[in-house]
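First up is the structure itself, then whatever we jot down about it.
The values are calculated or read from the model by the stated rules, or taken from the named source; none is laboratory data. The shown structure was predicted, so the numbers you read here are calculated from the model rather than taken from an experiment. Reconstructed Cβ throughout: ideal geometry from the backbone, glycine too, with neighbour counts over all protein chains shown. In case anyone asks, the SASA skips ligands and DNA or RNA and just uses the protein heavy atoms, side chains included. Shrake-Rupley method; radii C 1.70, N 1.55, O 1.52, S 1.80 Å.
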Amino acid sequence: ADISTTLAGVKLPNLLFNASGVCCQTEADLKLMVESESGSLITKSATFEQRDGNPSPRYTPLPGGIGSINSMGLPNEGYEYYLNYAKNYDYSSKKPLFISLSGLSLADNVKMCEAFVAADLPCVLEINYSCPNVPGKPQMGYDLEAMEHSLSVLAPIIKKPFGIKLPPYFDIAHFDQAAAVFNKFDNLAFVTCINSVGNGLAIDFETEEALIKPKDGFGGLGGLMVLNTALANVNAFHRRLPGKQVIGVGGVVSGKEAFLHVLAGASAVQIGTQLKEEGPGAFARIAKELSDIMVAKGYKTLEDFRGKVKTL
Ligand code: RRO
């Protein structure tokens, strides 16, 4: 089956790529993504300056394959590293490049966006409004006024189509209010739903210890345990943002969950925890599984079933 897609006006040979943060901090990581069967790749969220992030252990899978917890704390090489990567990227490779930016202030986001715009590259920006793990920095996605102000400054600077990475929302009123903000910005082309479910706590039963060190053990939850929250957010924004696209992320371990994300309305699907655990071979496997599901169900393209979840 044809699992190609178009995002923000750029063609992806298939809808799968990494969730920002996984396999994308260094050039070596990004090389693995380029060599994989992914349809695209996105870089680690960049700040203005390089960061080491939080103390380890700061990521662990959870027992039973239910997911993962992380409090990485935005370790990254600094935006100039990713700008340089973007300048040297082979855009003829058919795999478009996405760049995640997560400035610690609006002023930093302005400076980083201006630098990317000045370079006039065909890469696409995804602004991260949802990192849950920097001590003292609330997730901007939960402060709609601050997010609207940020978008009102950044959208005219970026000018071309761009996207934002959102935290999960859990209330219908919040879906309505957030969508009303996003609909004010014409060049906001896509929303990526969801970032990790913030500030979970994982405890080892035997040792009675938290599983990760930062923030007294609190960290973002990902993987299968967040699938249904992710599907709800994808579908809620797909319904509320006509003319915009949604990237689905959360709980994709096989072709089946990728299929469900598209049914909920996703135009592309990112993979985090499963990529971290399985490695880049996950892309070829999940692409094949999704294609097989489509053939079995009689769907030829993603448009045949995107957003077509049936309600009762
Ligand atoms: O680096 C992190 O701790 C991190 C980030 Br920036 C994010 O957006 N989401 C996440 O789960 N971890």
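A few remarks follow.
- Sparse packing (at most 12 other Cβ atoms within 10 Å of the Cβ) combined with a DSSP loop state is found for the following GluC sites (Glu not before Pro) in the range 11-80: Glu49.
- Across the options Gly200, Gly65, Leu125, the greatest Cα extent toward the positive end of the charge dipole of the chain (unit charges at beta carbon of Lys, Arg, Asp, Glu) belongs to Leu125.
- Helical contribution to [θ] at 222 nm, DSSP H n ≥ 4, -39,500 (n - 2.57), averaged over the chain, rounded to 500: -10500 deg cm²/dmol
- Entries of Lys87/Lys244; Lys44/Lys213; Lys87/Lys159; Lys44/Lys160 with Cα pairs more than 23 Å apart: Lys87/Lys244
- Each Lys and Arg Cβ is given +1 and each Asp and Glu Cβ -1; about its Cα centre, the chain then shows a dipole of about 920 debye.
- Fraction of accessible area attributable to carbon and sulfur, the chain (%, probe 1.4 Å): 54
- Modelled this way, with points 7 Å down the Cα-to-C-beta line, the labels at Glu206 and Lys297 are 4.1 nm from one another.
- Database remark: amide H of Ala19 closer than 5 angstrom to the amide H of Ile271, Gly272 (H placed geometrically; neighbours at sequence offset of 5 or more, or on other chains; Pro and chain starts carry no H).
- For Asn14, residues with placed amide H under 5 Å, excluding near neighbours: Thr5, Gly39
- DSSP-defined beta bridges in the chain - what % are antiparallel, rounded to 5: 35
- Shape category assigned to the chain from the gyration tensor of Cα positions, a/c cut at 1.5: rounded
- Among the helices of the chain, those built from whole DSSP H runs whose Cα atoms reach 18 Å or more along their own axis and whose mean Kyte-Doolittle hydropathy is at least 0.0 are 106-119, 144-158, 281-297.
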